[in-house]
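What follows is a short report on a single structure.
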Amino acid sequence: MTRRMKCVIAYDGTDFSGYQVQPGKRTVQGELEGVLKRMHKGSDVRVAASGRTDAGVHAYGQVIHFDTPLALSPEQWKKALNAQLPDDIAVRSVDEADSTFHARFSAKAKEYRYNVWTAAERDVFRRYYCAWHPYPLHIDAMNEALGLLKGTHDFTSFCSAKTAMEDRVRTIYHAEIEADGPMLQFRFIGTGFLYNMVRIIVGTVLEVGQGKRPPADIKSLLAAKDRRLAGPTAPAEGLYLWHVYYDRESFDHK
């Protein structure tokens, strides 16, 4: 009997060329499928994920699923996978899912977080895990700008010009910044995010924080639908796929 297993995984994206399999490159999907192939005695096992992440981007709550005939319990799966995966990937939980569950298509919302280190001196121990932005920032203005992104909008100005997706309308439920000393954390929850969307939003909102543009610019950027008018794309290392939500109630109160 084939069973569908759902896993929540975390990974340090520093040494990966992204999540998705690419010929000749080290990827998260490639490592996962390599372990599963060994466990299935050479048979290929395809892994589906909630979404891709780029090179250097991290995940704390990426969700994957795969189908298997092996009669292992969820706890046995977790131990077996963690014993064979490299140190920069960890399986946080495993559950047996209904056959209709799909890591990507069953998702109702995703949460991304972005870390920015704002101290005057670079922290060498954080260099792969947050962006460094050693300039004074007006946090209230930044939160005002983020508030204008909430709701349903066309986010063309905030996605890469390389985005193939024609439908660029997305809904953002939460967008805010929390400060813990010199560390700023942006937090976003939305129905989905376009290619580089979070990183471009962060780059633009940091310009608001520096006084380079007013918070109200967000409205005109949304209306313009022109990537050239928004701010720079923030570096990959600050970004984390934090959580994937599969029912609306679980994120409505957040």
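The values are calculated or read from the model by the stated rules, or taken from the named source; none is laboratory data. Please read all numbers here as calculations on a predicted model, not as lab measurements. Don't worry about glycine lacking a Cβ; one is built from the backbone with ideal geometry, like all the others, and counts go over all protein chains shown. With ligands, DNA and RNA removed, areas are computed over all heavy atoms of the protein, side chains included. Shrake-Rupley method; radii C 1.70, N 1.55, O 1.52, S 1.80 Å.
Observations on the structure shown:
- Kyte-Doolittle mean at least 1.0 and Cα axial length at least 15 Å: DSSP H helices in the chain: 197-209
- Compared with the direct C-alpha span, the chain from Asp15 to Thr152 gains 45.8 nm at full extension, assuming 0.36 nm per residue.
- Placing +1 on each Lys and Arg Cβ and -1 on each Asp and Glu Cβ, with no other charges, gives the chain a dipole about its Cα centre of roughly 580 debye.
- Helical contribution to [θ] at 222 nm, DSSP H n ≥ 4, -39,500 (n - 2.57), averaged over the chain, rounded to 500: -6500 deg cm²/dmol
- Packing, taken as the mean count of other beta carbons within 10 Å per residue, orders the peptides 198-207, 104-113 from highest to lowest as 198-207, 104-113.
- Euclidean distance of C-alpha centroids, region 37-87 and region 1-16, integer Å: 4 Å
- Proximal aspartates and glutamates relative to Lys225, as straight alpha-carbon distance under 20 Å, when same-chain residues fewer than 8 apart are discounted: Asp154, Glu166, Asp167, Glu207, Asp217
- FRET efficiency for Lys212 and Ala164, using Cβ-Cβ distance with R0 set to 25 Å, rounded to 0.05: 0.25
- Inter-label distance for Ala179 and Ala107, nm, one decimal - labels placed 7 Å from Cα along Cα-to-Cβ: 3.1 nm
- Karplus-based coupling profile of region 42-55, in residue order and whole Hz: x, 7, 5, 10, 7, 9, 9, 10, 5, x, 8, 10, 7, 4, with θ = phi - 60° in 6.51 cos²θ - 1.76 cosθ + 1.60 and x standing for Gly or Pro.
- Length available on full extension from His40 to Asp226: 0.36 nm per residue minus the Cα-Cα distance, which gives 62.2 nm.
- Gain in span if fully extended, Asp67 to Thr100, counting 0.36 nm per residue against the direct Cα distance: 10.7 nm
- Carbon/sulfur fraction of accessible area - region 109-252, other protein chains in place, 1.4 Å, %: 50 percent
- Solvent-accessible area per residue for the chain (1.4 angstrom probe, square angstrom): 50 Å²
- Mean shadow area of region 3-97 over all directions, Cα convex hull, nm²: 5.4 nm²
- The figure for Tyr114 is an accessible area of roughly 0 square angstrom, using a 1.4 Å probe on the protein chains alone.
- Computed from label points 7 Å out along Cα-Cβ, the spacing between Lys219 and Arg3 is 5.5 nm.
- Percentage, to the nearest whole number, of Cα pairs in region 109-252 over 28 Å apart: 14 percent
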